[in-house]
Amino acid sequence: MAGYEARPESVALLEKLVAALKSRGIVTEEEIALRRTIAERANPETGARMVARAWIDPEWRAFLLRDGTAAAEAMGVSMKGNPPLGVLEDTESVHHLVVCTLCSCYPRAVIGYPPHWYKSAAYRSRAVREPRAVLAEFGTVLPAGIQVRVVDSTADFRWMVLPMRPPGTEGWSEDELTAIVSRDHLVGVSLPQAARKVSHAA
């Protein structure tokens, strides 16, 4: 994972734990390999496609906001063993910013691995104390009339943002909309832009 290196003592401890679980028949090597494959397959495109579909399909949007976990499963993502997924809808008056104040809880199943800055103590503390300043550092400057709502992602519940669809994307396909949604948009530190229409020809 970019920007992060596991400490040798942490790796050694994990290996001992895994060996103990296998020796007691709690997990098998096949189960571990499956979970590793699922984790490695997770990436922000899944969350981006969930957002793009919500921008196009009102029924899917309602489904996504009602039950993010079920929506992820409907996209082919296994949510087994993962905390429930909630989806926060941005509006013209409210913008959401996701943070884990205790560690780095993150909806990996639909966004992939968290970036280094998300896990940093600076982001975790400042996002709560001065969210507008943090957003500005990502190039996101919101009008004074928009409320910034900071939501804590925890071990019991993960959160993802459904940003507002940017103007200028009328008539775009799901693939074209997916291409303009990034990981940063899905946690609320930046906003999707319709800089140009993405061509999927050829």
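The values are calculated or read from the model by the stated rules, or taken from the named source; none is laboratory data. This structure is a prediction, so every number in the text was calculated from the model and none was measured. For neighbour counting, all protein chains shown are included, and Cβ atoms are generated from backbone atoms with ideal geometry for every residue, glycine included. In case anyone asks, the SASA skips ligands and DNA or RNA and just uses the protein heavy atoms, side chains included. Shrake-Rupley method; radii C 1.70, N 1.55, O 1.52, S 1.80 Å.
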D175 accessible area, 1.4 Å probe, all protein chains in place, Å² to nearest 10: 70 Å²
When all protein chains stay in place, what accessible area (Å², nearest 10, 1.4 Å probe) is found for R149? 100 Å²
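Largest first, how would E45, E89 line up by accessible area (1.4 Å probe)?
E45, E89
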Give me the one-decimal nm value for the distance between modelled label points at A12 and I26, 7 Å along each residue's Cα-to-Cβ direction. 2.1 nm
When the solvent-accessible surface of protein heavy atoms is calculated with a 1.4 angstrom probe, in what order do H116, H185 fall, highest first? H116, H185
Using all alpha carbons of segment 21-177, what is the percent of pairwise distances in each 5 Å bin, ordered from the shortest bin to the longest? 2, 8, 15, 19, 19, 17, 10, 5, 3, 2, 1, 0
For segment 86-202, evaluate the Debye formula with one uniform point scatterer on each Cα (no solvent term) and list log10 I(q)/I(0) at q = 0.13, 0.16, 0.20 Å⁻¹, rounded to two decimals. -0.52, -0.76, -1.11
With all protein chains in place and a 1.4 Å probe, F138 shows an accessible area in Å² (nearest 10) of 70 Å²
Using a 1.4 Å probe on the protein chains only, how many percent of the accessible area of segment 89-167 belongs to carbon and sulfur? 59 percent
Efficiency by 1/(1 + (r/R0)^6): what FRET value for A70 and C103, r their Cβ-Cβ distance, R0 = 30 Å, to the nearest 0.05? 0.70
